[in-house]
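Quick note: the coordinates plus some simple rules give every number you see, no bench work behind them. Just so we're clear, the structure is a prediction, and the values are computed from it rather than from any experiment. Backbone-built Cβ (ideal geometry, glycine too); neighbour counts: all protein chains shown.
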Amino acid sequence: MTINPDLQGRSYPAAEVYDVGREKIREFARAVKATHPAHFDVDAAQGLGHPDLVAPPTFAIIIAQRADAQLIEDPEAGIDFSRVVHADQRFTHHRPIFAGDRLVAELHVDGVRAMGGGAMITTRSEIFALTDGDGREPVATTKSSILVRGEGQ
Amino acid sequence: MSPTFEELSVGQDIGGRSIDVTRQDLVKYAGASGDFNPIHWNEAFATGVELPGVIAHGMFTMGAAVQLVSDWAGDPAAVVDYQTRFTKPVLVSDTTGTGDAGAVIDVSGAVGALDADARTARVDLTVVFDGQKVLMKAQALVRLA
């Protein structure tokens, strides 16, 4: 199986809306063993000046990996998910993610590089919150590289 | 108490902690994150794709390691940028029913750089499992009062 080199530069527009719920923030926080009260207690979050519970710094991976799935499951991409290894990850927060946010992600394929019999694919998700009216506010940019291992790698 | 920018210096230690990991923790992370790749919960599948056994999600390790920074900063929203490379897997033994950890990850952090204009501190994390660094260039940028 070979990775389609024409993937580079491809974009996938924002698809489904992700509604950030308080219980999801609490569940994710427990799953990464976070204990900061701003993830669990609305009064504590508001005491720090936030409108609602604050998501942990890596929470956006949920939205980013949903966006990545569009690429990985794209039959034109030629990616075997069972051979995918996560190589690197970055989160840049333009503002924190809060409970009550309605988020969408635009996926961009920034790089495709052949490595051995496999490929390194770099993707970027631009995550926006929907605002009243039809506006969008930048919330986070996530970048990740995945290595698709070739046979015998 | 949250640190203020003026009291920080490059090289300053922000402390450390040990994180116990079990197979159940990986199942919880799979459910919370939506990443159900079986290499993180099924031994036969993991060894079938030439891994030594069930391994933790890289994103579990990245997500758990940054808690040291959230707590030090006093507000998780202060972490404005966070990045890492995943270099070694964290192999998690099956200790189901024993109460023992299947792996122990040691996290420590130090101030790596300061930006007086932006009032940010870069915290460099050292994340070790079984005597080896599992994350490289694990850096969290923290905005300070």
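With springs only between Cα atoms under 10 Å, which of B:96, B:126, B:22 fluctuates most in a Gaussian network model of chain B? It is B:96. In order along the range A:133-144, the Karplus-derived 3J(HN,Hα) couplings, from 6.51 cos²θ - 1.76 cosθ + 1.60 at θ = phi - 60°, round to x, 10, x, 9, 10, x, 10, 7, 10, 10, 10, 9 Hz, and Gly and Pro are given as x.
Starting from the Cα of residue B:5, step 7 Å toward the Cβ, then list every residue of the range B:125-145 with an amide N under 11 Å from that point. Within reach of a label on residue B:5, which here means backbone N under 11 Å from a point 7 Å along Cα→Cβ, the range B:125-145 contributes B:143-145. Think of the range A:1-76 as a dipole: +1 on every Lys or Arg Cβ, -1 on every Asp or Glu Cβ, centred on the Cα centre; then among A:21, A:4, A:51, A:51 lies furthest on the positive end.
Sum up the charges of everything whose Cβ sits under 12 Å from the Cβ of residue B:95, counting Lys and Arg as +1 and Asp and Glu as -1, but leave residue B:95 out. Result for the local shell: -3.
Amide H contacts under 5 Å for residue B:103: B:21, B:93, restricted to partners 5 or more places along the chain or on a different chain, H placed in the peptide plane at 1.01 Å from N.
Rg and Dmax, both from the Cα atoms of the range B:36-96 and both in Å, are 14.7, 43. Entry note, chain A: the mean residue ellipticity at 222 nm calculated from DSSP H runs of n ≥ 4, each adding -39500 (n - 2.57), is -5000 deg cm²/dmol after division by the residues and rounding to the nearest 500. Couplings 3J(HN,Hα) of the range B:37-48, computed from phi: 3, x, 4, 9, 8, 10, 4, 5, 5, 4, 5, x Hz, in residue order, whole Hz [Karplus 6.51 cos²θ - 1.76 cosθ + 1.60, θ = phi - 60°; x for Gly and Pro]. Kirkwood hydrodynamic radius computed over the range A:37-84 comes to 13.2 Å, based on all pairs of distinct alpha carbons.
Measuring max minus min along each principal axis, the C-alpha atoms of the range B:98-139 give extents of 51, 20, 10 Å (largest first). If you bin all the Cα-Cα distances of the range B:5-143 at 5 Å, starting from zero, the percentages per bin are 2, 10, 19, 20, 18, 12, 8, 6, 3, 1, 0. The alpha-carbon atoms of the range B:56-129, seen along their principal axes, cover 51, 25, 17 angstrom, with the largest extent given first. The Cα-based radius of gyration of chain A, divided by its Kirkwood radius, gives an Rg/Rh of 1.04. Ordered by the count of other Cβ atoms within 10 Å of each Cβ, fewest first, A:97, A:72 give A:72, A:97. Close amide-amide hydrogen proximity is noted between residue A:115 and A:120, each under 5 Å apart and 5 or more residues distant or on a separate chain (H modeled in the peptide plane; Pro and chain starts excluded). As a ratio to 2.2 N^0.38 Å, the alpha-carbon radius of gyration computed for the protein assembly as shown takes the value 0.99. Summing charges over all other residues whose Cβ lies under 13 Å from the Cβ of residue A:21, with Lys and Arg as +1 and Asp and Glu as -1, gives -1. Taking the centroid of alpha carbons for each part, the range A:101-121 and the range A:1-64 are 19 Å apart.
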